[in-house]
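Peer 1: I'd like to ask you about the structure that follows.
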Amino acid sequence: MAAPRILVIEDDEDVARLERLVLERAGYDVRHAATGAEGLDLAESFRPDVVILDVGLPDISGLDVCTSLSNSNNAFVLMVSGHSREQDVLLGLGLGADDYVTKPFSGNELVARVASFLRRRERLLNRKEGEAQLEFGDTRLDRNFHTLVRDGKSVALTALEFRLLWFLAEAEGRLLTRAQILEHVWNDTSGVPTRVVDVHVAALRKKISEVDAPLELSSVRGIGYRLDKK
Ligand code: CA
């Protein structure tokens with residue numbers, strides 16, 4: 001099977017070299033573009049599975065590159081921002097990016113994000129209508145019984161907890177805002193206080209640990225939540 005294709009769009013040579021190094025070491029086919037225009041051109045011919053996109057590019061803004069990419073390409077986009085305030089702005093814009101990281105980040109973190117994108121894509125490709133189960137290695141979410149099952153251990157979830165965990169699991173590795181969660185899980189964007197999400201997340205964490213599932217439900221600086229496979 002061909003190695004997944006990763007396109008790095010980054011004008012900082014040192015950052016680009018590091019990203020390329022760790023991604024190639026992880027077995028990916030990596031190309032690099034130093035400007036937005038070059039990146040968009042390369043995306044056309046290379047057809048990347050994942051794009052690592054710097055926000056601050058010398059020609060076109062990374063935000064515009066992201067918009068063009070999501071119109072023309074079905075790659076997952078990981079946006080790289082220079083500082084955390086920039087990340088807040090990005091989240092507020094609700095662009096087509098799939099996830100965000102702030103510099104500096106470790107090579108391991110980058111590889112983990114890319115791997116979770118690729119697993120998610122695999123699941124999306126293999127998804128069947130009305131799927132009854134969602135699997136993470138040896139951990140399984142079962143729709144018929146509303147249970148989380150791992151290695152012979154099983155814990156019952158409430159209907160709401162189940163919808164919440166399924167939504168987070170389908171978006172594995174992607175940061176979901178509280179507003180997105182409320183809209184999708186509660187079908188409500190107005191009446192429910194966002195604190196309600198926090199309460200259900202706490203309950204889910206407890207159940208995840210009851211079956212020792214290798215899942216990590218992290219909260220991201222008061223913005224939202226992300227589920228990662230450990
Ligand atoms: Ca830059």
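The values are calculated or read from the model by the stated rules, or taken from the named source; none is laboratory data. Here the structure is a predicted model, which means the values were calculated and not measured. Note that each Cβ is placed from the backbone with ideal geometry, even for glycine, and that neighbours are counted across all protein chains shown. For accessibility, only protein heavy atoms count, side chains too; no ligands or nucleic acids. Shrake-Rupley method; radii C 1.70, N 1.55, O 1.52, S 1.80 Å.
Peer 1: Which residue, of T158, T194, T177, is in the same structural domain as L134 (by TED's automatic domain parsing) and either acidic (D, E) or touching a residue at least 60 places away in the same chain (Cβ under 8 Å) (or both)?
Peer 2: Details: T158 fails: either acidic (D, E) or touching a residue at least 60 places away in the same chain (Cβ under 8 Å) (or both); T194 fails: either acidic (D, E) or touching a residue at least 60 places away in the same chain (Cβ under 8 Å) (or both).
Answer to the check: T177.
Peer 1: Does the range 28-39 hold any residues that are within 16 Å of the ligand (Cβ to nearest atom) and either hydroxyl-bearing (S, T, Y) or assigned to a helix (DSSP H, G or I) (or both), and which are they? Full working, then the answer.
Peer 2: Narrowing the range 28-39 to residues within 16 Å of the ligand (Cβ to nearest atom): 32-39.
If the condition is that a residue be within 16 Å of the ligand (Cβ to nearest atom) and either hydroxyl-bearing (S, T, Y) or assigned to a helix (DSSP H, G or I) (or both), then T35, G36, A37, E38, G39 are the ones that fit.
Peer 1: Out of V196, V185, V155, which single residue is of a type in the set (V, I, T), out of contact with any strand residue (DSSP E or B) (no Cβ under 6 Å at 6 or more places or on another chain) and more than 16 Å from R226 (Cα to Cα)?
Peer 2: On the way: V185 fails: more than 16 Å from R226 (Cα to Cα); V155 fails: out of contact with any strand residue (DSSP E or B) (no Cβ under 6 Å at 6 or more places or on another chain).
The match here is V196.
Peer 1: Mind listing just one residue for me: the one in the range 142-179 that is part of a strand (DSSP E or B) and crowded, with 19+ Cβ neighbours inside 10 Å and, of those, modelled with the lowest pLDDT?
Peer 2: First, pick out the residues of the range 142-179 that are part of a strand (DSSP E or B): 142, 147-150, 153-156, 176-177.
From the residues that got through so far, the ones that are crowded, with 19+ Cβ neighbours inside 10 Å too are 148, 150, 176.
Numbers: L148: 94, R150: 93, L176: 87.
Residue satisfying both the conditions and the ranking: L176.
Peer 1: Filter the range 1-27 down to residues that are touching a residue at least 40 places away in the same chain (Cβ under 8 Å), within 11 Å of the ligand (Cβ to nearest atom) and not in a loop (DSSP other than H, G, I, E, B) and give me whichever is most open to solvent (accessible area, probe 1.4 Å).
Peer 2: Filtering first and then ranking leaves V15.
Peer 1: Between a residue in the range 46-62 that is in the same structural domain as E86 (by TED's automatic domain parsing) and any residue that is near the ligand (Cβ under 10 Å from one of its atoms) and open to solvent by 50 Å² or more (accessible area, probe 1.4 Å), which pairs come within a Cβ distance under 7 Å, given they are 6 or more apart or on different chains?
Peer 2: From the range 46-62, the pairs are D54/D11; L57/D11; P58/D11.
Peer 1: Identify, from the list K206, K229, the residue that is open to solvent by 60 Å² or more (accessible area, probe 1.4 Å) and in contact with a Gly (Cβ under 8 Å, 6 or more places away or on another chain).
Peer 2: Values: K206 fails: in contact with a Gly (Cβ under 8 Å, 6 or more places away or on another chain).
Result of the check over K206, K229: K229.
Peer 1: Mind listing just one residue for me: the one in the range 81-117 that is touching a Phe, Trp or Tyr at 6+ places or on another chain (Cβ under 8 Å) and modelled with pLDDT of 70 or more and, of those, nearest to R5 (Cα to Cα)?
Peer 2: To start, the set of residues in the range 81-117 that are touching a Phe, Trp or Tyr at 6+ places or on another chain (Cβ under 8 Å) comprises 81, 87, 90-91, 98-99, 114, 117.
Those still in the list that are modelled with pLDDT of 70 or more too: 81, 98-99, 114, 117.
Numbers: S81: 22, D98: 16, D99: 17, V114: 11, F117: 12 Å.
Taking the candidates together, the pick is V114.
Peer 1: Condition first: under 17 Å from the mean Cα position of the chain (by Cα), modelled with pLDDT under 85 and under 21 Å from V30 (Cα atoms). Can you find one or more residues in the range 126-135 that meet it?
Peer 2: Taking every residue of the range 126-135 in turn, none turns out to be under 17 Å from the mean Cα position of the chain (by Cα), modelled with pLDDT under 85 and under 21 Å from V30 (Cα atoms).
Peer 1: Kindly provide the set of residues from the range 186-227 that are under 18 Å from G173 (Cβ atoms) and either modelled with pLDDT under 85 or assigned to a helix (DSSP H, G or I) (or both), ordered by number.
Peer 2: V201, L204, R205, I208, V220, R221, I223, listed by residue number.
Peer 1: Just for the range 48-72: of the residues that are away from the ligand (no atom under 12 Å from the Cβ), closer than 20 Å to L110 by Cα and open to solvent by 10 Å² or more (accessible area, probe 1.4 Å), which one is modelled with the lowest pLDDT?
Peer 2: L63
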